[in-house]
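Here's the structure we're looking at; comments come further down.
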Amino acid sequence: MARDDRPQVLLRFADGLRFLLPSRHRSAEVRVDRDPTATLGHLVQSTGVPLTEVGGLLADGCPVGPGHRPGPGQTADVLPVERPQRLPASPPRFLLDVHLGALARRLRLVGVDTGYGNDLDDDTLVAMANRQRRALLTQDRRLLHRRALEAAAFVRGHGPDDQLRDVLDRFAPPLAPWSRCTACNGPLVPAAKEAVEHLLEPGTRRTYADFARCRECGRVYWPGAHHARLAAIVETAREAVAAAGGRDGGRSAPAGGGAARRSARP
């Protein structure tokens, strides 16, 4: 990243950001060639760390913005986002990219307003996130480098359970479990059994009495065989938000939360 015969800038990354650096630079200090036209924000992103993950910048110990142009030999400290992080929209609203479908269903299960589509390209994601005032969640760092993005975040974790804990720890959104359709994000409302029984399998009609239905797509929910597993996800989410200092707005919908269709399960 740097040549010995050029003026350089020393970037010092906090522990919480080092995993985003290439393996050869994870010693926390990275020397980069100074370009008099390059901003500090540009130099940071050139290492692979998106500015969405940066909570503060110090140049020789003084706070500066990403537009600061560092001088030769200057040292810059790159600090992580402070958690829980505030977003422009309150309560937080999210849009997830195509690779985070399982996370989208879990966020909806706990009542977080979550947009998702498996056919949205990068340009559409950026435009939709800005238009709907949603924070874009992704593991694609190139997408996070888009200047047009107004709010976004890198999701940590390899599986949906770890990813859910990361998002809840970072943003501590208020929770409303069992209130959203896991398939389309629409609101769930109580449904009388006689109003939905024509949509049910005979075994379900005989076994269950409490139902909810999505106002948007019409899917039917009840506390079915997967309820215990879903309830465990909800309880873990509540604990994560409480630990992050957030407000737990959890409440139970009349149907109790089992999914009616396989495609709607987290």
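The values are calculated or read from the model by the stated rules, or taken from the named source; none is laboratory data. Nothing here was measured: the structure is a model prediction, and the numbers come from that model. Quick reminder, even Gly has a Cβ in these numbers, built from the backbone with ideal geometry, and neighbours come from all protein chains shown. We work out accessible area using only protein heavy atoms, side chains counted, and drop any ligands, DNA or RNA first. Shrake-Rupley method; radii C 1.70, N 1.55, O 1.52, S 1.80 Å.
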Picking from Ala191, Ala176, Ala153, Ala183, the residue that is within 17 Å of Val81 (Cα to Cα) and touching a residue at least 40 places away in the same chain (Cβ under 8 Å) would be Ala153
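For the structure I just gave you, tell me whether Thr37 is open to solvent by 70 Å² or more (accessible area, probe 1.4 Å), free of Cβ contacts under 8 Å to residues at least 60 places away in the same chain and among the hydroxyl-bearing types (Ser, Thr, Tyr). Outline the logic, then answer.
Details: open to solvent by 70 Å² or more (accessible area, probe 1.4 Å): yes; free of Cβ contacts under 8 Å to residues at least 60 places away in the same chain: yes; among the hydroxyl-bearing types (Ser, Thr, Tyr): yes.
For Thr37, the condition - open to solvent by 70 Å² or more (accessible area, probe 1.4 Å), free of Cβ contacts under 8 Å to residues at least 60 places away in the same chain and among the hydroxyl-bearing types (Ser, Thr, Tyr) - is met.
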So Gly16 passes all but one of these: (1) over 24 Å from Leu136 (Cα atoms); (2) of a type in the set (Gly, Ala, Ser); (3) open to solvent by less than 40 Å² (accessible area, probe 1.4 Å). Which condition number does it fail? (1)
Enumerate the pairs (first residue in the range 113-131 and touching a residue at least 40 places away in the same chain (Cβ under 8 Å); second residue anywhere and open to solvent by less than 50 Å² (accessible area, probe 1.4 Å) and not in a loop (DSSP other than H, G, I, E, B)) with beta-carbon separation below 6 Å, excluding pairs fewer than 6 apart on the same chain, so at least 6 apart or on different chains. Thr114/Phe94; Thr114/Ala104; Thr114/Leu107; Thr114/Arg108; Gly115/Leu95; Tyr116/Leu96; Tyr116/Ala104
Would you please name the residue that is surrounded by the fewest Cβ atoms within 10 Å (Cβ to Cβ), looking only at residues in the range 169-201 that are touching a Leu at 6+ places or on another chain (Cβ under 7 Å) and not in a loop (DSSP other than H, G, I, E, B)? Phe171
Condition (residue is over 14 Å from Ser179 (Cα atoms), modelled with pLDDT under 95 and over 24 Å from the mean Cα position of the chain (by Cα)) applied to the range 244-260: is it met by at least one residue? yes
Cβ contacts < 6 Å: first residue within 14 Å of Ala191 (Cα to Cα), restricted to the range 214-242; second residue in a helix (DSSP H, G or I) and open to solvent by 60 Å² or more (accessible area, probe 1.4 Å), any location; separation 6+ or different chain. Result? Val220/Leu199
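State yes or no: is Gly65 closer than 22 Å to Arg142 by Cα, crowded, with 16+ Cβ neighbours inside 10 Å and either at pLDDT below 95 or touching a helix residue (DSSP H, G or I) at 6+ places or on another chain (Cβ under 9 Å) (or both)? Write out each step before concluding.
Working: closer than 22 Å to Arg142 by Cα: yes; crowded, with 16+ Cβ neighbours inside 10 Å: no; either at pLDDT below 95 or touching a helix residue (DSSP H, G or I) at 6+ places or on another chain (Cβ under 9 Å) (or both): yes.
The answer is no for Gly65.
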